[in-house]
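Taken together, the values in this text are just the output of simple stated rules run on the coordinates, not laboratory data. Please read all numbers here as calculations on a predicted model, not as lab measurements. Methodologically, a virtual Cβ is constructed for each residue, glycine included, from the backbone with ideal geometry; neighbour enumeration extends over all protein chains shown.
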Amino acid sequence: MSKKINPNCVKIHRNYSVEDIANSLSVHKNTVRGWFKKGLDTIDNNKPALVLGSVLKQFLKGRRMANKRVCKLHEIYCMKCRKPRIPAENMADFKLINQNKGCLIALCPVCHSVMNKFVSLGKIRLIMDKLDVALPQDQKRLFNPSNPLVNSNLKQREKTL
């Protein structure tokens, strides 16, 4: 699994060599050399290869944006398929996390894995227009303390004995 590289670690007014880039971003030198093949521009063709900080930062931000997948309001991102998907049979369960936020839980229609999406309570009504969302209900108690069981009065039972 690859780690996320933070473009904010790069200073835009500095020139970087391959070793400098590798040390500041905690990647291997061969990774940086691979970036040259993928389009990272150098200042000139001389050795050692130098890269402007602003060019490096823009390159890293472009790579990060290319990997983003934006979901529509009624879609949930499937981690197994790596795509935004509409839940199977347009059904999802809603689990309340706190007063402002909850989690939609649904099945992927393609790979049948579980998908999760965090949503605010303000948006849940908009999502319910497109999906069948099952909201949580209060659970009924097995024992109601206001109506005690018939054989639970111990004082009357002692008198009869």
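Does GLU19 satisfy being under 28 Å from the mean Cα position of the chain (by Cα) and of a type outside the set (Phe, Trp, Tyr)?
On the way: under 28 Å from the mean Cα position of the chain (by Cα): no; of a type outside the set (Phe, Trp, Tyr): yes.
No; evaluated as a whole, the condition is false for this residue.
Among the candidates ILE124, ILE105, ILE86, ILE97, which residue alone is more than 30 Å from LYS38 (Cβ to Cβ) and either in contact with a His (Cβ under 8 Å, 6 or more places away or on another chain) or acidic (Asp, Glu) (or both)?
ILE86
For the range 36-55, what are the residues that are of a type outside the set (Val, Ile, Thr) and either in a strand (DSSP E or B) or touching a residue at least 40 places away in the same chain (Cβ under 8 Å) (or both)? Before the answer, list the steps.
Residues of the range 36-55 that are of a type outside the set (Val, Ile, Thr), as a first pass: 36-41, 44-50, 52-54.
Scanning the range 36-55 gives LEU50, LEU52, GLY53, SER54.
Is it true that some residue in the range 61-84 is of a type in the set (A, V, I, L, M), closer than 30 Å to VAL133 by Cβ and touching a Lys or Arg at 6+ places or on another chain (Cβ under 6 Å)?
Taking the range 61-84 first, the residues of a type in the set (A, V, I, L, M) are 65-66, 70, 73, 76, 79.
Next, from what is left, pick out any that are closer than 30 Å to VAL133 by Cβ: 70, 73, 76, 79.
With touching a Lys or Arg at 6+ places or on another chain (Cβ under 6 Å) added as a condition, the list becomes 76.
The answer is yes, given that some residue of the range 61-84 is of a type in the set (A, V, I, L, M), closer than 30 Å to VAL133 by Cβ and touching a Lys or Arg at 6+ places or on another chain (Cβ under 6 Å).
Are there any pairs with C-beta distances below 7 angstrom linking a residue in the range 7-35 that is at negative phi to a residue that is basic (Lys, Arg) and surrounded by 16 or more Cβ atoms within 10 Å (Cβ to Cβ), with the two at least 6 apart or on different chains, and if so which?
From the range 7-35, the pairs are PRO7/LYS57; VAL10/LYS57; ILE12/LYS57.
Do you know which of the residues in the range 56-101 that are without any contact (Cβ under 8 Å) to a residue 40 or more places away in the chain and in a strand (DSSP E or B) is nearest to ASP20 (Cα to Cα)?
LYS83
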